[in-house]
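K.L.:
Take this structure first; my questions come after.
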Amino acid sequence: MERTLAKEARQKTGRRVRLCGWVHRLRDLGNLTFLMLRDRSGLIQVVLEGKDHPELRQETVVQVEGKVVASDKAPDGVEIQAAKVEVLSAVEYDYLPLAVNSGVIKEGLDTILNHRVLSLRNPLVHGIFLVQQEIVRAFREFFRNRGFTEIHTPKIVAEGAEGGAEMFPVKYFKRRAYLAQSPQFYKQMMVAAGYERVFEVGHAYRAELHNTKRHLNEYISLDVEMGFIQDEHDLMAIENEFLRYLFTVLPERCGEEFAKYGVELTDPGAIPELTVGEAQALLKKEYGKSLAGGNIDAEAEKLLGRYIKAKTGSDFLFLTAFPVAKRPVYAMPMADEPALTKSFDLLYKGLEITTGGQRIHSHRMLYEKMVAFGLNPEDFGFYLDTFKYGVPPHGGFAIGCERLTMQLLNLANIREASLFPRDMERVTP
RNA sequence: GGAGCUGUAGUGUAGCCGGUUUAACAUGCCAGCCUGUCACGCUGGAGAUCGCGGGUUCGAGUCCCGUCAGCUCCGCCA
């Protein structure tokens with residue numbers, strides 16, 4: 001008999017089916033036992049009559065055969081009257097280290113992460129990665145539909161995009177290499193290679209000594225780079241469009257998950273913008289907070305997020321016109337204001353989820369910038385050489401996938417949005 | 001790199017200005033009863049050398065030092 005998923009049982013009411021899954025919960029009433037069966041599609045109630053069952057415990061892997069019956073007394077109006085229950089795989093634990101079947105997560109983050117396979121079985125935790133999957137899927141769909149090519153760039157690299165201090169060194173045969181902190185150089189090179197528009201879903205590695213609820217040392221970067229732009233506003237426009245698409249598609253594809261997290265997604269509309277200068281003036285005026293040249297710290301991000309939400313109703317805010325000193329060497333300076341760059345950040349609920357901007361496409365300008373930044377152009381040979389052969393005006397941005405997931409679901413810690421987070425202390429599981 | 005906080009059954013917490021219990025509560029676990037549960041209920045039971053090491057003291061889960069682990073924040077960033 002073909003396997004039926006919990007979700008599909010309803011369509012087979014009156015028929016005999018075979019279901020497979022885990023014992024989510026047992027309610028033993030003596031001569032009657034209710035078994036909640038969990039599979040990848042969800043939960044369904046199985047009714048076992050009599051006392052004669054195989055040894056069932058929570059999380060035992062079982063196969064059930066029985067008739068699908070519609071019943072007002074069943075949790076979802078449908079249940080399985082079991083004729084046969086078979087243990088496919090027994091459990092051997094003394095205690096479950098965490099509650100797989102609770103509606104709320106009471107365990108601490110450490111317990112959740114140490115027992116990741118079990119915590120991911122909890123439907124609430126499970127849902128986080130269904131949402132994340134849909135974010136990535138929507139990202140791919142959206143950009144493919146606009147003529148972007150999906151690329152895969154190396155994660156073992158020779159030099160960093162912003163220096164070398166925050167990179168993980170790798171012993172690479174007889175020399176030293178690093179884990180890529182960003183696909184920056186390579187995605188620009190793919191624009192130059194004639195693909196014009198590229199995107200990548202890939203890991204980025206940061207050896208920063210940070211230990212906060214919004215930082216990981218390994219994270220998924222949703223990268224975009226496109227050629228033949230007018231300026232950074234083209235990039236902001238397409239990111240804005242992507243977010244509107246995402247917010248349309250997510251409720252359709254994982255509305256249940258958002259409901260569980262009590263989140264309602266509404267069209268972000270046109271995202272408001274402030275220059276860094278305007279934002280600083282506003283922070284000074286509204287909150288008496290002064291910041292050093294071009295700096296927007298974490299507290300400022302939160303305040304701006306709150307302010308914009310109150311003023312415009314938007315959860316998003318673009319910050320633009322960052323000073324040269326606050327941006328990497330490849331950031332395009334403004335023609336009429338060379339101390340500022342054509343770059344932007346995107347805040348979502350008071351947290352930076354994107355950095356982007358127009359890049360320098362002139363070989364000479366880039367070379368001179370590197371010298372001005374105290375970098376040795378020879379260290380960037382293959383990247384710098386690219387610009388000798390005709391690179392269109394271009395730019396791009398990157399979205400932190402875990403950060404977006406976290407903010408969408410209002411998670412308290414970014415580690416919850418990573419299957420197996422890597423932070424300063426954690427390399428296992 | 002800097003700063004602060006926490007560590008008590010499987011899990012989540014209480015107890016913490018030294019002595020009142022055999023360290024409490026919830027949940028989970030085990031056993032028994034129950035044919036409509038849905039966080040099932042009821043009865044009974046097991047489960048903690050209070051992270052580890054040292055010190056102060058007549059006496060330490062409680063105070064001090066060290067150590068390990070975790071969390072949070074700053075800088076930096078997605």
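The numbers here are math on the coordinates, done by the rules we state, and not lab data. Being a predicted model, the structure only gives us computed values, none of them experimental. Here the Cβ is made from the backbone with ideal geometry for all residues, glycine too, and neighbour counts use every protein chain on show.
K.L.:
Taking the condition of being assigned to a helix (DSSP H, G or I), of a type in the set (A, V, I, L, M, F, W, C) and over 18 Å from A:E337 (Cβ atoms), how many residues in region A:292-325 meet it?
P.N.:
Taking region A:292-325 first, the residues assigned to a helix (DSSP H, G or I) are A:298-312, A:324-325.
Next cut, of a type in the set (A, V, I, L, M, F, W, C) only: A:298, A:300, A:303-304, A:308, A:310, A:324-325.
Narrowing further to those that are over 18 Å from A:E337 (Cβ atoms): A:298, A:300, A:303-304, A:308, A:310.
The total comes to 6.
K.L.:
Of all residues in region A:329-370 being assigned to a strand (DSSP E or B) and of a type in the set (A, V, I, L, M), which is surrounded by the fewest Cβ atoms within 10 Å (Cβ to Cβ)? I'd like the intermediate steps shown before the answer.
P.N.:
Narrowing region A:329-370 to residues assigned to a strand (DSSP E or B): A:331, A:333, A:340-341, A:343-348, A:351-359.
In the following step, the residues that additionally are of a type in the set (A, V, I, L, M) were identified as A:331, A:340, A:346-347, A:351, A:353.
On the way: A:A331: 23, A:L340: 21, A:L346: 23, A:L347: 26, A:L351: 19, A:I353: 26.
Here the residue is A:L351.
K.L.:
Further, regarding this structure: Condition check: within 16 Å of RNA strand B (Cβ to nearest atom), free of Cβ contacts under 8 Å to residues at least 60 places away in the same chain and closer than 21 Å to A:T354 by Cα. Does A:R244 satisfy that?
P.N.:
Working: within 16 Å of RNA strand B (Cβ to nearest atom): no; free of Cβ contacts under 8 Å to residues at least 60 places away in the same chain: yes; closer than 21 Å to A:T354 by Cα: yes.
Considered against the rule, which asks whether it is within 16 Å of RNA strand B (Cβ to nearest atom), free of Cβ contacts under 8 Å to residues at least 60 places away in the same chain and closer than 21 Å to A:T354 by Cα, A:R244 comes out as no.
K.L.:
Out of all the residues in region A:129-142, is one or more within 8 Å of RNA strand B (Cβ to nearest atom), among the charged types (D, E, K, R) and assigned to a helix (DSSP H, G or I)? First the steps, then the outcome.
P.N.:
Pass one, region A:129-142, residues within 8 Å of RNA strand B (Cβ to nearest atom): none.
No, region A:129-142 contains no residue that is within 8 Å of RNA strand B (Cβ to nearest atom), among the charged types (D, E, K, R) and assigned to a helix (DSSP H, G or I).
K.L.:
Can you pull out every residue in region A:129-154 that is more than 16 Å from A:Y195 (Cβ to Cβ), out of contact with any Cys (no Cβ under 8 Å at 6 or more places or on another chain) and not acidic (D, E)?
P.N.:
From region A:129-154, those more than 16 Å from A:Y195 (Cβ to Cβ) are A:129-139, A:141-142, A:154; that's our starting set.
Still in the running and out of contact with any Cys (no Cβ under 8 Å at 6 or more places or on another chain): A:129, A:133, A:137-139, A:141-142, A:154.
Within region A:129-154, A:F129, A:Q133, A:R137, A:A138, A:F139, A:F142, A:P154 meet the criteria.
K.L.:
I need the full set of residues from region A:385-429 which are in a helix (DSSP H, G or I) and more than 14 Å from RNA strand B (Cβ to nearest atom), in order please. Walk me through it before giving the result.
P.N.:
Kept after step one, since they are in a helix (DSSP H, G or I), are these residues of region A:385-429: A:385-389, A:401-409, A:414-417.
A:D385, A:T386, A:F387, A:K388, A:Y389, A:L409 - these are the residues of region A:385-429 that are in a helix (DSSP H, G or I) and more than 14 Å from RNA strand B (Cβ to nearest atom).
K.L.:
Pairs, please: C-beta under 6 Å, at least 6 apart or cross-chain, first residue hydrophobic (A, V, I, L, M, F, W, C) and in region A:92-110, second within 6 Å of RNA strand B (Cβ to nearest atom)?
P.N.:
Listed by first residue and then by second, the contacts come to A:L98/A:E107; A:L98/A:T111; A:L109/A:N413.
K.L.:
Determine whether region A:288-297 contains at least one residue that is under 30 Å from A:D267 (Cβ atoms) and more than 10 Å from RNA strand B (Cβ to nearest atom).
P.N.:
No, the conditions are met nowhere in region A:288-297.
K.L.:
Something else about it: Taking the residues in region A:71-88 that are assigned to a strand (DSSP E or B) and either of a type in the set (D, E, K, R) or without any contact (Cβ under 8 Å) to a residue 60 or more places away in the chain (or both) as candidates, determine which candidate is farthest from RNA strand B (Cβ to nearest atom).
P.N.:
First, pick out the residues of region A:71-88 that are assigned to a strand (DSSP E or B): A:78-88.
In the following step, the residues that additionally are either of a type in the set (D, E, K, R) or without any contact (Cβ under 8 Å) to a residue 60 or more places away in the chain (or both) were identified as A:79, A:81-82, A:84-87.
Details: A:E79: 5, A:Q81: 7, A:A82: 11, A:K84: 17, A:V85: 16, A:E86: 19, A:V87: 14 Å.
Per the stated criteria, the residue is A:E86.
K.L.:
What do you reckon, is A:K289 surrounded by fewer than 18 Cβ atoms within 10 Å (Cβ to Cβ), more than 20 Å from the chain's Cα centre (by Cα) and not in a loop (DSSP other than H, G, I, E, B)?
P.N.:
Working: surrounded by fewer than 18 Cβ atoms within 10 Å (Cβ to Cβ): yes; more than 20 Å from the chain's Cα centre (by Cα): yes; not in a loop (DSSP other than H, G, I, E, B): no.
Spelling it out, it is not the case that A:K289 is surrounded by fewer than 18 Cβ atoms within 10 Å (Cβ to Cβ), more than 20 Å from the chain's Cα centre (by Cα) and not in a loop (DSSP other than H, G, I, E, B).
K.L.:
For the structure I just gave you, tell me whether A:D223 is crowded, with 19+ Cβ neighbours inside 10 Å and not hydrophobic (A, V, I, L, M, F, W, C). Give the steps one after another, and end with the answer.
P.N.:
Details: crowded, with 19+ Cβ neighbours inside 10 Å: yes; not hydrophobic (A, V, I, L, M, F, W, C): yes.
Spelling it out, A:D223 is indeed crowded, with 19+ Cβ neighbours inside 10 Å and not hydrophobic (A, V, I, L, M, F, W, C).
K.L.:
Residues in region A:33-42 that are surrounded by fewer than 19 Cβ atoms within 10 Å (Cβ to Cβ) and of a type in the set (A, V, I, L, M, F, W, C): how many?
P.N.:
Filtering region A:33-42 down to residues surrounded by fewer than 19 Cβ atoms within 10 Å (Cβ to Cβ) leaves A:34, A:39-42.
If we keep only those that are of a type in the set (A, V, I, L, M, F, W, C) as well, we get A:34.
Residues meeting the conditions: 1.
K.L.:
Let me ask another. If A:E159 meets every condition in (1) in a strand (DSSP E or B); (2) farther than 30 Å from A:E252 by Cβ apart from one, which number is that one?
P.N.:
(1)
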